[in-house]
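This report concerns only the one structure given below.
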Amino acid sequence: MDRHLLLLAYRNMYRVRLMAETYEANRPITKYVHSTSRGHEAIQLATAFQLQPHDWVSPYYRDESLLLGMGWSPYELMLQLLTRADDPFTSGRSYYAHPNSRRPDRPQIIHQSSATGMQVIPTTGVAQGIHYLEQLAALGSERSPLIADAKPVVICSLGDASVTEGEVSEALQFATLKQLPIIYLVQDNEWGISVRAEEGRAMDAYEYAEGFKGLHRIRVDGTNFSESFETMRKVVNHVREHRKPWLVHARVCLLNHHTSGVRKEFYRDDEDLARHATSDPFPKLRELLLQSGESLGAIEAEVEEEVRTAFAAAVAAPEPDPATVTHHVFVPTPVKEERGDRSPQGREKIIMVDAALFAIRELMEEYESCVLYGQDVGKRLGGVFREAATLGERFGDHRVFNTAIQEAYIIGSTVGMSSVGLKPIVEVQFADYIYPGFNQLVTEISKSCYLSCGKFPVSTIIRVPIGAYNGGGPYHSGSVESTLLTIKGIKIAYPSNAADMKGLMKAAFHDPNPVVMLEHKGLYWSKVPGTEDAKTIEPDRDYILPFGRGRVVAEASEEAIGSGESMALITYGMGVYWAKTAAKAFEDRVEIIDLRTLFPLDEALIFDTVRRHGKCLVLTEEQQNNSFAEALAGRISRECFRSLDAPVDVLGALDLPAVPLNMGLEAAMLPNAEKVRERIRKLLAY
Ligand SMILES: Cc1ncc(C[n+]2csc(CCOP(=O)(O)OP(=O)(O)O)c2C)c(N)n1
């Protein structure tokens, strides 16, 4: 092997050793939890040395050596260890060895969370995105700069215990099915904190990979640098050339604590520690170099000085300014004003489901970056609500396609797709089935922009048909907005008519942040009596409606307001139609606000309206207790307290675990125009 490479590996292993000793010797200063890579150095460095700046890699929390091998300095890593302002990855927001980077001179790294195994779907999404860019180029489109003069390789690194997680299998399925250019590097130290291999798995990662026909696999001694280097060279070159998925199973040892907090002496006995110490990669490499006549004194002296000064400098580096704590929740959207023609002359009225379809069709015509996938949205069916009908035929299987029943993959893959500049629109078939994908939404998507300090906002639209009508039953009628609204870092639209649907879909597309579009199934075709107004004239192609702008659906008369006989009714989705029907009995006395987006929320319009009327009802289809509607009512009470003539009222569905199937039971649970009428009557009489 090239002696320079061996010496470079030795330099880095020595760094890791001294860094670990320094952290341990300074525990009051290195107080935030951290893991080191001791025992895993050889395979990590061997991997890093194959990578080029256009490659993508997702290191896990033990991949400190991978980062050093890619060119990150001990000082840069220590800035994150100590949560300093200049931490190049997260500016003090996340833990040691939780990188992300778009530096042009080093491999690309999407946001990394601490949740074990959860990076596998987003990282497979990166490979999916690269695969799509290569498909476009093969079809004659202009080459994206990301694949301009090289074939990027994607590496997803993870521990052996993480491989047993369910989401990992979704990613392996997808990567194998689509033959993506990705390497899953599994570092097997036989521990998952204190859970031993024989307690946690029926097979190791290499054996598991056998079931994925088309996933190449290889075993390697990850403590032997030369063997690891040769293996990774072969695998990376194969992926670079042939665009195939691989799993590398690297046996390693765990020499340091699981983390600085969970210490090895708590749960490992002397025999186990001694066994692991026999395969320490550092003395192995040292011995090899000494036997071949190298003298290592100069390197060691340099590293000792480097680590000492780096640590001192990092300790002296400034803390982040507390005023920055609110920065980077989102990146700014260019969509600030309502633009274009909402009701062009001579156009027909359209139903809401078509408004969504037409908006996406126009977007796909204009932007090759736009792809659509989810269960049943491909050519054959075009969505179970026909909400994607014709798109597959029109734009081809590479842009509109079916996926397996993998909500986690559908949602989480958009992280990777977005990171390579694409705009995925994905679909969860029913709101009731968003929960398997919820983890990706919370753990990865919502935090990516904030924890990467704006480097990796996730630009995605997640379409979610929602709501109850006509006996949809307990697993096809659920509302999920309150649960979604607990997540900070995503935007949520809930249009109630075709024009809003089209305008908001366009705004969502141009928004560089994650958006969930809640689309009420009962409004899709205006089949439910009283919802005819959900059909509107089709807005022009250039019509766009910014988020955070509510709409006054019905106004109260000045006369009613003047005499104190009016009220505000704040609602969204199906509530708009219950409110409209109910308000007919109280001519000009009820001012109805349709929120249109639930986050951001048009608080100015809400508070202003409530202040003018002094009375307010918040109406929702959701089970009422602890709902978004109740939280909003609380905020209204606080903000408008001096203008209120009655307690802010809330009407939602009964607090039951599910919407029952029988239509009589369904009606008994949900609000309707009659129930709303009764509440209005009481509130106006207050
Ligand atoms: C989803 C999730 N559950 C639990 C944890 C807590 N946790 C942190 S590391 C770890 C063990 C991981 O073991 P392995 O993947 O083998 O990696 P190793 O630490 O051994 O390198 C656990 C359970 C977590 N971070 N994420």
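Of the beta bridges DSSP finds with both residues in the chain, what % are antiparallel, to the nearest 5?
Details: 11 of 66 bridges.
Bridges in the chain that DSSP calls antiparallel: roughly 15 percent.
Using label points projected 7 Å from each Cα along Cα→Cβ, tell me how many nm separate E265 and R3, to one decimal. Distance between the two pseudo-spin positions: 4.2 nm.
Mind running the shape call on region 67-206? Use the C-alpha gyration tensor, a ≥ b ≥ c as the square roots of the eigenvalues: rounded below 1.5 for a/c, prolate if a/b tops b/c, oblate otherwise. Mind showing how you got there, number by number?
Numbers: a/c = 2.50, a/b = 1.11, b/c = 2.25.
Since a/c reaches 1.5 but b/c is at least a/b, the shape of region 67-206 is classed as oblate.
Between E678 and N402, the C-beta separation translates, for a Förster distance of 60 Å, into a calculated FRET efficiency of about 0.85. How would region 551-684 be classified by its alpha-carbon gyration tensor: rounded, prolate or oblate, with rounded meaning a/c under 1.5 and the a/b versus b/c comparison settling the rest? Prolate is the answer for region 551-684, as a/c is 1.5 or above and a/b outweighs b/c.
Close amide H pairs (under 5 Å, H built 1.01 Å from N) link E519 with V464, I466, residues at least 5 positions away or on another chain. Computed about the Cα centre, the dipole magnitude for the chain is approximately 620 debye when only Lys and Arg (+1) and Asp and Glu (-1) carry charge, each at its Cβ.
Below 8 Å between Cα atoms, with a sequence gap of 6+, how large is the relative contact order for the chain in percent? Dividing the mean separation by the residue count of the chain yields 12 percent. Taking Cβ atoms as reference points and 15 Å as the exclusive limit, the residues near F586 contribute a net charge of 0, counting Lys and Arg as +1 and Asp and Glu as -1.
Counting other beta carbons within 10 Å of each Cβ, put V153, V648 in order, fewest first. Don't skip to the end; give the middle numbers.
On the way: V153 27, V648 23.
Arranged by neighbour count, lowest to highest, V153, V648 become V648, V153.
In whole percent, what relative contact order does region 551-684 give with Cα contacts below 8 Å and a gap of six or more residues? Computed over region 551-684, the figure is 27 percent.
Quick check on the exposure proxy: order F628, F330 from fewest to most C-beta atoms within 10 angstrom. Write out the running numbers ahead of the final one.
On the way: F628 24, F330 18.
Least to most surrounded, the residues fall as F330, F628.
What is the extension gain from R386 to Q345, computed as 0.36 nm multiplied by their sequence separation minus the C-alpha to C-alpha distance, in nm to one decimal?
Values: separation 41, 0.36 × 41 = 14.76 nm, distance 2.72 nm.
Using 0.36 nm per residue and subtracting the Cα-Cα distance, I get 12.0 nm.
Going through region 582-611, which GluC sites (Glu not before Pro) have at most 13 other Cβ atoms within 10 Å and a DSSP loop state?
Numbers: sites: E587, E591, E603; in loops: E587.
Here the sparse-neighbourhood loop sites are E587.
Rounded to the nearest Hz, the phi-derived 3J(HN,Hα) couplings of region 95-103 under the Karplus curve 6.51 cos²θ - 1.76 cosθ + 1.60 (θ = phi - 60°) are 6, 3, 6, 10, x, 7, 7, 10, 4, where x marks glycine and proline. Cα axis of helix 297-316 to longest principal axis of the chain: angle in degrees, 0 to 90, nearest 10? Helix 297-316 sits roughly 30 degrees off the main axis of the chain. Taking other C-beta atoms within 10 Å as the exposure proxy, D188, D272 rank D272, D188 from fewest upward. In this calculation the C-beta distance from T326 to V33 is compared with R0 = 35 Å, giving a FRET efficiency of 0.90.
In this calculation the C-beta distance from R196 to T278 is compared with R0 = 22 Å, giving a FRET efficiency of 0.75. Amide hydrogen proximity for A554: with H placed 1.01 Å from N in the peptide plane, the residues at 5 or more positions away or on another chain lying under 5 Å are I592.
Local charge for Y469 was computed over the other residues whose Cβ lies under 15 Å away, with Lys and Arg +1 and Asp and Glu -1, and equals -4. Using the Karplus relation 6.51 cos²θ - 1.76 cosθ + 1.60 with θ = phi - 60°, the per-residue 3J(HN,Hα) values for region 552-565 come to 7, 7, 9, 9, 8, 6, 4, 4, 5, 5, x, 8, x, 10 Hz, with x marking Gly and Pro. Among the listed pairs K502/K535; K178/K213; K336/K506; K178/K506; K349/K491, give every one whose C-alpha distance is greater than 19 Å. Result: K178/K506; K349/K491 exceed 19 Å. The long axis of helix 120-138 is offset from the longest Cα principal axis of the chain by roughly 80 degrees. What the phi angles of region 511-523 give under the Karplus curve with 6.51, -1.76 and 1.60, with θ = phi - 60°, is a coupling list of 7, x, 10, x, 10, 9, 9, 8, 10, 6, 5, x, 9 Hz, glycine and proline written as x. Count Lys and Arg as plus one, Asp and Glu as minus one, and take only other residues whose Cβ is under 11 Å from that of I492; the net charge is then +1. Residue separation of A667 and W525 scaled by 0.36 nm, minus their Cα-Cα distance, works out to 49.1 nm of gained length. Region 141-209 and region 343-376 have their alpha-carbon centroids 36 Å apart.
Computed from the coordinates by the stated procedures, all read-outs in this text should not be read as laboratory data. Quick caveat: nothing in here was measured; it's all calculated off a predicted structure. All Cβ positions, even for glycine, are placed from backbone atoms using ideal geometry, and neighbour counts span all protein chains on display.
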